[in-house]
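Notes follow once the structure below has been shown.
The values are calculated or read from the model by the stated rules, or taken from the named source; none is laboratory data. Keep in mind the model is a prediction, meaning the values are calculated, not measured. Neighbour counts are summed over all protein chains in view; Cβ atoms, including those assigned to glycine, are modelled from backbone coordinates with ideal geometry.
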Amino acid sequence: MPTYNTPGVYIEEIPTFPPSVAGVQTAVPAFIGYTNVLATDTKLHLIPTKVFSLQEYVDNFGLAQAEDNGLSVQIVDTVIKERDGTGAIVPGGKEELVGTTIEATLDEAQRSYHIMYYSLKLYFENGGGPCYIISVGPYSAGQQTVDAADLKEGLEELKNIDEPTLIVIPELFSFGAKKADYDDVVKTALDQAAELKDRFAIIDVLQAATKTSEVNADITDFQDNRNIGDNGRYGAAYYPNIQTTIDYNYFGFEDSITISHAVIDDEGVSTVGDLDGDLLSTIESTNNLTFQSIKSALSNYPLTLPSSPAVAGIYAKVDRNIGVWKAPANVAIGLIVKPSVKINDALQDIMNVHPAGGKSVNAIRTLTGRGTLIWGARTLDGNDNEWRYISVRRFFNFVEESIQKATYRFVFEPNDANTWATIKGMIESFLTIQWRQGALQGSKPEDAFFVNIGLGQTMTAQDILEGRLIVDIGMAVVRPAEFIILRFMHKLPEG
């Protein structure tokens, strides 16, 4: 009570509402990698920068690295030669064009390793929202490099930022020949998530397979050989890479595209066509129709990307539309042509359940009539009954951080029954809201969670003497129906 010495009328406002827990954001990714900034421009180097759209990313970090080598276009004309009455070809006779095919290809060994712009486009188109960019350096020319030390430096900077809840490192997909470096970066990301307990890592499995028969080798290598530490419950792995509808950037290097032109007659004889070896700029000025067809072929050539940016976007969309407790699976991926290799049920058996080490891998699959979907919802600790599912781990992250932030106001408050009752009421109110929204199981709140606090319950007299206030919180989080089993049987006729 304040002390009053001067006669008069005084106003006292009595707080009647209890403190509340405000839920934190659950799907704010941090993308770590190389960006299109000049080597002399250090303004955004290793500076976590929040962006809200692809255009804002471009304004700050630029476009994709242009493909200046490896793109080629093959033009094939099919003709019918003029023949005489006997069916013989007339020497020097006319040729009738019956069809033209124009196809673009890219030598994957020469493509740019730097895919941050493409990844952000894939992320936003799949429902992504605000995210952080940590640029670890500018694009490298010539023999491009993606360096584990750079990516780990970016992870170190991420440690100092509280808001991000997802870690995405798309350029890991180029580490096929540097598996020890891949292990090092993945382990660092998982360890950071475990240390801070407020974020979750989305990992791409290294892919060498180009056909289904080779998939098992990729999965076996990841599950049996990759040393990524013991914090798999704080991350999830996805496979395979995906072929997208995003266009390659070749702006400024149009004339580096190799043009080949062949003419094949009705006897299968191939000759070199007039456009063979021409520059794209020359074709544009002399044959605009063919030029437009070439541009269309270049646009239609699928750009292969890791799946993690699309997965991060879907995490954000599912969290926003339903809630973090909903498994981010059985959701279609946008901007996609197809997975880079086909996964069947037999292969997913191996991916989903790994008896030896528990490294579950979530599949990207095309299902008839459904499109291309995320078809898995497990963490990298797939054998752990507590932390098997992504949605359970991420919901605990959400609740833990939300309650932790709300409870800071009670630090140095009296460690007595009044404070205990206030904290208990605050947490129970928050968890009741989560139960009503469908995050917790149980027909009534007491079946869904418990909050215990008090002397003789969670604390001893010694705890109070040493300044400890201890709260025990238990939650029955909903789990995904991963296996739906329909049982059919004959029913004998009655009567």
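Listed by position, the strands (runs of 3 or more DSSP E) enclosed by the stretch 183-258 that each have at least 3 residues that are of a type in the set (A, V, I, L, M, F, W, C) and modelled with pLDDT of 95 or more are 200-204. Please work out if Gln143 is closer than 28 Å to Lys179 by Cβ, exposed (fewer than 12 other Cβ atoms within 10 Å of the Cβ), more than 22 Å from the chain's Cα centre (by Cα) and at pLDDT below 95. Against the criterion (closer than 28 Å to Lys179 by Cβ, exposed (fewer than 12 other Cβ atoms within 10 Å of the Cβ), more than 22 Å from the chain's Cα centre (by Cα) and at pLDDT below 95), Gln143 qualifies.
Listed here are the residues, each with its yes/no results for (1) more than 14 Å from the chain's Cα centre (by Cα); (2) over 18 Å from Trp375 (Cβ atoms); (3) in contact (Cβ under 8 Å) with a residue 60 or more places away in the chain; (4) in the same structural domain as Leu172 (by TED's automatic domain parsing).
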| site | (1), (2), (3), (4) |
| --- | --- |
| Asn288 | yes, yes, no, no |
| Ser293 | yes, yes, yes, no |
| Ala310 | no, no, yes, yes |
| Ile314 | no, no, yes, yes |
| Lys317 | no, no, yes, yes |
| Arg320 | yes, yes, yes, yes |
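Do we have any residue at all in the stretch 248-255 that's assigned by TED's automatic domain parsing to the domain that holds Glu96, in contact (Cβ under 8 Å) with a residue 60 or more places away in the chain, surrounded by fewer than 20 Cβ atoms within 10 Å (Cβ to Cβ) and more than 31 Å from the chain's Cα centre (by Cα)? Checking the stretch 248-255: not a single residue is assigned by TED's automatic domain parsing to the domain that holds Glu96, in contact (Cβ under 8 Å) with a residue 60 or more places away in the chain, surrounded by fewer than 20 Cβ atoms within 10 Å (Cβ to Cβ) and more than 31 Å from the chain's Cα centre (by Cα). Can you tell me which residue within the stretch 168-224, out of those that are of a type in the set (Lys, Arg) and in contact with a helix residue (DSSP H, G or I) (Cβ under 9 Å, 6 or more places away or on another chain), is surrounded by the fewest Cβ atoms within 10 Å (Cβ to Cβ)? For the stretch 168-224, the residue satisfying everything is Lys197.
Summed over the stretch 422-447, residues that are assigned to a helix (DSSP H, G or I) and surrounded by 12 or more Cβ atoms within 10 Å (Cβ to Cβ) total 16.
Within the stretch 98-133, if we keep just the residues that are touching an Asp or Glu at 6+ places or on another chain (Cβ under 7 Å) and among the β-branched types (Val, Ile, Thr), the residue that is farthest from Ser260 (Cα to Cα) turns out to be Ile115. For Ala329, the requirement of being small (Gly, Ala, Ser), assigned to a strand (DSSP E or B) and either closer than 22 Å to Arg226 by Cα or under 15 Å from the mean Cα position of the chain (by Cα) (or both) is not met.
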